[in-house]
Amino acid sequence: MPLDVRPIAIKIAVLFFFILGFAGLTSGLTPFTCCKRGLVGAIAAYIASVIAVKVINVILIQAMIESKINKRKEKADGAKG
């Protein structure tokens with residue numbers, strides 16, 4: 001079963017926004033600068049996580065297809081032999 005891309009990507013993006021925002025605040029930056037950097041980081045994290053989850057989905061689907069093919073081959077070989 002493939003993973004849902006959007007909810008996972010949104011959670012990661014929100015997490016990155018707050019991590020970058022708090023990191024900027026602790027280093028003494030202005031709140032506006034922290035917000036901009038957090039937003040840019042969140043956008044980058046969203047895009048990266050969407051790509052990563054899609055790649056994981058392709059790998060999972062390919063593994064499921066190969067599993068079904070192997071089961072059918074084993075069933076067919078068992079019936080012949």
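The values are calculated or read from the model by the stated rules, or taken from the named source; none is laboratory data. What you see is a predicted model; the values in this text were computed from it and never measured. Here the Cβ is made from the backbone with ideal geometry for all residues, glycine too, and neighbour counts use every protein chain on show. The area values use the complete protein model at the heavy-atom level, side chains included, leaving out ligands, DNA and RNA. Shrake-Rupley method; radii C 1.70, N 1.55, O 1.52, S 1.80 Å.
Figures for the structure shown
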quantity	calculated
Calculated Rg and Dmax of the chain using C-alpha coordinates, Å	21.6, 75
With Cα atoms, 0 to 90° folded angle of helix 31-80 axis to the chain main axis	10
Computed label-point distance, nm, for sites F32 and R72 using a 7 Å Cα→Cβ extension	6.2
Solvent-accessible area per residue for the chain (1.4 angstrom probe, square angstrom)	79
Accessible surface of the chain, 1.4 Å probe, proportion on carbon and sulfur as whole %	72
Mean projected area in nm² (Cα convex hull; one quarter of hull surface) for the stretch 1-42	2.8
